[in-house]
Amino acid sequence: MKLHRNQVWLIPLLLILTYPLWSIPIGKFLTPRGGVPAQTVIKKTNQHNFRMESVKILQNQNGKKTAMIRAKSARTGDDTDILILETVDADIFDEDGNVTHIVSRTGKYNVKTKALTLSGDVVVNKIRDNQFLYTDLLHYNSDKRTVNCPGKTKLIGENVSIDGGSLDYDINSARYDIGGRVSVDLEGFSAPAPAPRS
């Protein structure tokens, strides 16, 4: 069959007029068979997970360097504001620039609050005073410049060893508060002689 140019417009017209007849069977034929179970639908999120190696975080307050936090690696988890740190090595500076060196197996750093939480064999070395603190959990608040150890702690200094149930330290005032059951061992200290009876 040979169509002339003027008769070609009849094909679209014929398809439009007969649409109700052929649309239902063709629609049923083209419909996908079976359904997708709801549990297999993957939900897209706006999270951006990443991992970094050899991380350095520098903290400043009022134009002064207050902390340098180093870690072997850092990654994000469920909360993208928190960096999960591995093998942490940090230096905290007081107003005079004296260094307190801290190491731990793991840590978490909150990017928004600038709070650092260290856990797993935490060792703190207050270099100027030749003091060491041993604990399993340490919270460092960058804004308040405070250190909180809610669990058992052991503080060792020159001629003194203190075991406590918790420890709070204010960097600006250099004040310690040791809570819970406290045990103090002083070297070179002898008990005073009993007072004579009268």
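The values are calculated or read from the model by the stated rules, or taken from the named source; none is laboratory data. Quick caveat: nothing in here was measured; it's all calculated off a predicted structure. Don't worry about glycine lacking a Cβ; one is built from the backbone with ideal geometry, like all the others, and counts go over all protein chains shown. Just the protein is used for accessible areas: all its heavy atoms, side chains included, with ligands, DNA and RNA removed. Shrake-Rupley method; radii C 1.70, N 1.55, O 1.52, S 1.80 Å.
The rows are residues; the columns are (1) in contact (Cβ under 8 Å) with a residue 60 or more places away in the chain; (2) in contact with a Pro (Cβ under 7 Å, 6 or more places away or on another chain); (3) within 21 Å of E53 (Cβ to Cβ).
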| site | (1), (2), (3) |
| --- | --- |
| A67 | yes, no, yes |
| A71 | no, no, yes |
| G77 | no, no, yes |
| A90 | no, no, yes |
| D94 | yes, no, no |
| H101 | no, no, no |
| Y109 | no, no, yes |
| K126 | no, no, no |
| T135 | no, no, no |
In segment 107-121, anything surrounded by 14 or more Cβ atoms within 10 Å (Cβ to Cβ) and out of contact with any strand residue (DSSP E or B) (no Cβ under 8 Å at 6 or more places or on another chain) is listed as none
Residues of segment 116-148 being of a type in the set (D, E, K, R) and not in a strand (DSSP E or B), in sequence order, are R128, D129, D143, K144, R145
Q59 vs (1) at pLDDT 85 or above; (2) over 19 Å from the mean Cα position of the chain (by Cα): all pass except (2)
Picking from V103, V184, the residue that is in a strand (DSSP E or B), within 28 Å of S73 (Cα to Cα) and of a type in the set (V, I, T) would be V103
A careful count of residues in segment 122-175 that are of a type in the set (S, T, Y), open to solvent by less than 60 Å² (accessible area, probe 1.4 Å) and under 16 Å from F93 (Cα atoms) gives 4
